[in-house]
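Undergrad: This is the structure I want to talk about, given as structure tokens.
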Amino acid sequence: MATSKPAPKRPPKGAGRAATDATRRAKAPRLWTPAEIIELLDEAYGRAPQQPSHAPVFELVLTLLSQHTSDHNSGHAMHRLIERFPTWHAILAASPAAIEDAIRPGGLAPTKSKRLLALLEEVKQHAPDFDLEFLRDLPLEDAKRWLTSLPGVGPKTAACVLLFSLERPALPVDTHVERVAKRLGFVPPKMPADKAHAVLESMLEPEQVYAFHVDLIQHGRRTCYARKPRCGECVLETRCPKVGVK
């Protein structure tokens, strides 16, 4: 008497997709950790030690002037501004035309002069002596919220003030940090920069924030260019997923 063969078992629903995903993950390179990146980029480029300015309002104004221009131009504009108006009160007492003329080397002077006056006026309302040292003692998220409540101050500017003037572990994400972090697979390629601040900062230990920021800027300026990055000379190339690199 012939016996019938048992029907082959069908794989569970979704098993093929799961196997494909597992294979893809196995083939994907292990991402660098922040600690490894800092070590490699420090060795490749060197890194200046952190030297906080202890001048939060100065950092606020300098960051505003640095928007959409080079460090050289914004530095020149800041120097002219301080040379002509040695105090914040003197700037507020000056005419918009005089301020515009002082900061002209930084570009977009008509727009930036208006933003500068609005910013300083708001700071004066909260701190008549322009002393923002209280930000040092606030919880970090509260300090960020206070700064971003000021006109024209976003997450990047707030982080610059906290990191460079008060030595607090807030991560500024400029165009270089954003580009390199996305190519390394740390954040999704379409994530806006203002959201990338919190995601990247959460990956870092407080003592890593300054090094990570400075190292990624150097890497973006010297190797990981926006166009035609020098992947063949990159110390991170072996485990870089090269997200978005064509």
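Undergrad: Hey, which of these cross-link pairs are over 18 Å Cα-Cα: Lys190/Lys246; Lys112/Lys195; Lys156/Lys195; Lys156/Lys242?
TA: Lys112/Lys195; Lys156/Lys242
Undergrad: Once the dipole of the chain is set up with Lys and Arg at +1 and Asp and Glu at -1 on Cβ about the Cα centre, which of Ala181, Leu147, Val61 lies farthest towards its positive end?
TA: Value: Ala181.
Undergrad: Using the Cα atoms of the stretch 56-166 to build a convex hull, what is its mean projected area in square nanometres?
TA: Projected area, direction-averaged: 6.1 nm².
Undergrad: Please say if the chain is rounded, prolate or oblate, where rounded means a/c under 1.5 for a ≥ b ≥ c the square roots of the C-alpha gyration tensor eigenvalues, and otherwise the choice is prolate for a/b larger than b/c and oblate otherwise?
TA: The shape class here is prolate.
Undergrad: With an 8 Å cut-off on Cα pairs and a minimum separation of 6 or more residues, tell me the relative contact order of the chain in percent.
TA: Relative CO of the chain lands at 25 percent.
Undergrad: Which net charge results when you count Lys and Arg as +1 and Asp and Glu as -1 among the other residues whose beta-carbon is under 13 Å from that of Pro110?
TA: Residues near Pro110 contribute +2 overall.
Undergrad: What 222 nm value per residue comes from the helices of the chain, counting each DSSP H run with n ≥ 4 as -39,500 (n - 2.57) and dividing by all residues, nearest 500 deg cm²/dmol?
TA: -16500 deg cm²/dmol
Undergrad: At 7 Å along the Cα-to-beta-carbon direction for both Gln50 and Ser202, put a label point, then send me their distance in nm to one decimal.
TA: Between Gln50 and Ser202, the simple spin-label model gives 2.1 nm.
Undergrad: Still on this structure, I have one more. Within a Cβ distance under 12 Å of Val177, other residues only, what is the Lys/Arg minus Asp/Glu net charge?
TA: Neighbourhood net charge equals +1.
Where a number appears in this text, it was derived from the coordinates with a stated rule and is not lab data. Bear in mind that the values here come from a model prediction, so they are computed numbers and not experimental data. Counting neighbours? That spans all protein chains shown, and the Cβs are built from the backbone with ideal geometry, glycine included.
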